[in-house]
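The values are calculated or read from the model by the stated rules, or taken from the named source; none is laboratory data. Note that this is a predicted model, so its numbers are computed, not measured. Please note: Cβ atoms are built from the backbone with ideal geometry, for glycine as well, and neighbour counts cover all protein chains shown. Each accessible area value is taken on the protein alone, full model and side chains, heavy atoms only, with ligands, DNA and RNA left out. Shrake-Rupley method; radii C 1.70, N 1.55, O 1.52, S 1.80 Å.
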Amino acid sequence: MSMKPRIAMIGCGVMGTAIASRLIATGYDVTAFDPDRTKVERLAAVGAAAARSGAEAAAGTDAIVLSLNSARIVREAVFGAEGVAAGARAETIIIDMSSIEPMATRQLQAEASAIGLRWMDCPLSGGAPKARDGQLTVMAGGEPTDFERARPILADLCENLTYMGPSGAGQTTKLVNQVLCALNFVAVAEATRLAVDAGVDAQKIPAALRGGRADSAILQEFMGKMARNDFSPTGRIDNMVKDLVAVQSLAMQTGTAMPLTALCMEMHRLLVAAGLGAADNAALVRFYDGPRD
């Protein structure tokens with residue numbers, strides 16, 4: 001029997017499945033819940049226990065990990081009918097690895113604290129492949145004592161874990177991350193199209209530029225995918241739109257001018273309007289298709 005904390009995994013999409021799979025592989029007892037039963041069954045096939053509700057998943061566990069798409073869904077999963085709050089013991093820690101607005105996180109943390117639950121906002125960067133290999137980057141917000149409780153679990157998922165400050169600090173840092181990622185995706189897509197149009201093998205460029213000032217993780221992972229039109233999912237365009245909406249909201253609160261981010265947002269929205277919202281971030285290269293000779 002595992003001596004590690006017992007984990008409830010709430011949300012079994014691409015990221016949630018990768019997170020849960022890593023936890024199972026590193027010796028945790030994981031109970032999974034998602035409204036889509038087929039996703040839960042896939043995790044059950046690799047060793048998770050299947051729950052019929054969030055409350056059932058949370059019962060008897062030591063920590064609850066959330067991987068969900070919006071603050072509204074997080075609220076419903078925790079405080080809704082048969083949500084995890086209905087089954088969790090007092091002082092159970094909720095590790096929210098979703099990417100949601102900092103203000104919403106602070107509200108959720110306050111409501112959880114009022115009923116005796118602990119809350120850490122722990123958004124991630126790195127995508128599903130890094131989650132499966134335990135190589136995520138995670139930026140955490142919450143009480144320092146709660147961070148110390150969550151640290152051993154997060155350490156099995158991360159190679160880079162940073163405590164950023166009080167509730168919401170992790171989500172704010174994630175928004176900064178998303179600005180940098182979104183702009184980098186667009187830059188790599190534009191450079192890929194230039195290379196292809198100029199007759200250069202774009203799949204060789206990441207190796208050619210490795211270690212130089214233009215190098216980045218996104219260049220290394222995505223230029224080759226863009227060059228060969230490989231849109232196998234690691235992160236969705238419509239999820240980036242959701243994050244950029246949150247960035248713009250925060251920028252309005254802080255009075256920060258972000259013209260490049262605004263342009264990047266409109267490019268993403270046009271791709272969503274073209275039916276590519278569910279496509280991988282590599283599909284940003286499709287923005288440059290246009291009429292071809």
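Given a 1.4 Å probe, how much area per residue of the chain is accessible, in Å²?
Ligands and nucleic acids excluded, the figure is 46 Å² per residue.
Compute the convex hull volume of the Cα atoms of the stretch 143-293, divide it by the residue count, and report the result per residue in Å³ as a whole number.
Taking the convex hull of the Cα positions in the stretch 143-293, it is 143 Å³ per residue.
Say each of ALA155 and THR38 gets a label point 7 Å from the Cα, pointing the same way as Cα to Cβ; how far apart are those two points in nm?
Calculated label separation equals 3.9 nm.
If you take the C-alpha gyration tensor of the chain, multiply each eigenvalue by 5 and take the square root, what semi-axes do you get, largest first, in whole Å?
Its equivalent ellipsoid spans semi-axes of 35, 21, 17 Å.
Got the relative contact order for the stretch 1-139 handy, in percent, Cα pairs under 8 Å and 6 or more residues apart?
For the stretch 1-139, the relative contact order is 23 percent.
So how far, in whole Å, is the C-alpha centre of the stretch 1-28 from the one of the stretch 84-124?
Between the Cα centres of the stretch 1-28 and the stretch 84-124 lies a distance of 18 Å.
Based on DSSP H runs of at least 4 residues, each adding -39500 (n - 2.57), what is the mean residue ellipticity at 222 nm of the chain after dividing by all its residues, to the nearest 500 deg cm²/dmol?
-15000 deg cm²/dmol
Using Cα-Cα distances under 8 Å and only pairs 6 or more residues apart, what relative contact order does the chain have, in percent?
13 percent
Excluding CYS12 itself, calculate the net charge of residues whose Cβ lies under 11 Å from the Cβ of CYS12, where each Lys or Arg counts +1 and each Asp or Glu counts -1.
0
Let me know the shape class of the stretch 90-220, please: from the alpha-carbon gyration tensor, a ≥ b ≥ c as square roots of the eigenvalues, rounded when a/c is under 1.5, otherwise prolate if a/b is greater than b/c, or oblate.
Judged from the Cα gyration tensor, the stretch 90-220 comes out prolate (a/c at least 1.5, a/b above b/c).
Against the longest principal axis of the chain, how steep is helix 169-197, in degrees 0 to 90 to the nearest 10, with axes from Cα atoms?
The angle comes out at about 30 degrees.
With a sphere of radius 13 Å drawn around the Cβ of ARG42, what net charge do the other residues whose Cβ falls strictly inside it have (Lys, Arg +1; Asp, Glu -1)?
Surrounding charge for ARG42 is -1.
Assign unit charges at the C-beta atoms only (+1 for Lys and Arg, -1 for Asp and Glu), then state the dipole size of the stretch 1-131 relative to its Cα centre in Debye, rounded to the nearest 20.
Value, rounded to 20: 240 debye.
Kindly write out, for the stretch 60-71 in residue order, the coupling ³J(HN,Hα) from the Karplus curve 6.51 cos²θ - 1.76 cosθ + 1.60 (θ = phi - 60°), rounded to whole Hz, with x marking Gly and Pro.
Result, ordered by residue: x, 8, 9, 8, 10, 9, 10, 9, 10, 9, 7, 4 Hz.
Equivalent ellipsoid semi-axes for the stretch 84-137, as square roots of 5 times the alpha carbon gyration tensor eigenvalues: give them largest first, rounded to whole Å.
25, 14, 7
What does a probe at LEU260 reach in the stretch 167-192, counting residues whose amide N is under 19 Å from the point 7 Å along Cα→Cβ?
Once the point is set 7 Å along Cα→Cβ of LEU260, 173-192 turn out to lie under 19 Å by backbone N, inside the stretch 167-192.
Run the numbers for GLU76 and LEU180: contour at 0.36 nm per residue of separation, minus the present Cα-Cα distance, in nm.
34.4 nm
Once amide H atoms are placed 1.01 Å from N in the peptide plane, what residues at a sequence separation of 5 or more from ILE94, or on another chain, have their amide H within under 5 Å of its amide H?
Placed amide hydrogens put ILE64, ARG118, TRP119, MET120 under 5 Å from ILE94.
I need the phi-derived Karplus couplings for the stretch 214-225: 6.51 cos²θ - 1.76 cosθ + 1.60, θ = phi - 60°, integer Hz, Gly and Pro marked x.
The phi angles translate into 7, 5, 6, 4, 5, 4, 5, 8, 10, 5, x, 4 Hz.
Roughly what % antiparallel, to the nearest 5, for the DSSP beta bridges in the chain?
Around 15 percent antiparallel, to the nearest 5.
Normalised by the empirical 2.2 N^0.38 Å for globular proteins, what value does the Cα Rg of the stretch 127-201 take?
Expressed relative to 2.2 N^0.38 Å, the Cα Rg reads 1.50.
In bins 5 Å wide, starting from 0, what share of all Cα pairs of the stretch 1-91 does each bin hold, as a percent?
Taking every Cα pair in the stretch 1-91, the percentages come to 3, 17, 29, 27, 17, 6, 1, 0.
Under a Cβ-Cβ cut-off of 13 Å, what is the net charge of the residues other than ILE24 that fall near it, where Lys and Arg count +1 and Asp and Glu count -1?
Every neighbour counted, the sum reads +3.
Simple spin-label model, 7 Å along Cα-to-Cβ: ALA251 to ALA217 in nm?
Placing both labels 7 Å beyond Cα along the Cβ direction yields 2.3 nm.
Which one of PHE33, LEU43, TYR163 is farthest out on the positive end of the charge dipole of the chain, using unit charges on Cβ (Lys, Arg +1; Asp, Glu -1) and the Cα centre as origin?
Value computed over the given set: LEU43.
What is the Cα coordinate range of the stretch 13-170 on the first, second and third principal axes, sorted by size from largest, in whole angstrom?
Taking max minus min along each principal axis of the Cα atoms, the stretch 13-170 gives 37, 35, 24 Å.
So if we plug the beta-carbon distance of VAL196 and GLU111 into 1/(1 + (r/R0)^6) with R0 = 45 Å, what FRET efficiency do we get, rounded to 0.05?
Efficiency for this residue pair is about 0.35.
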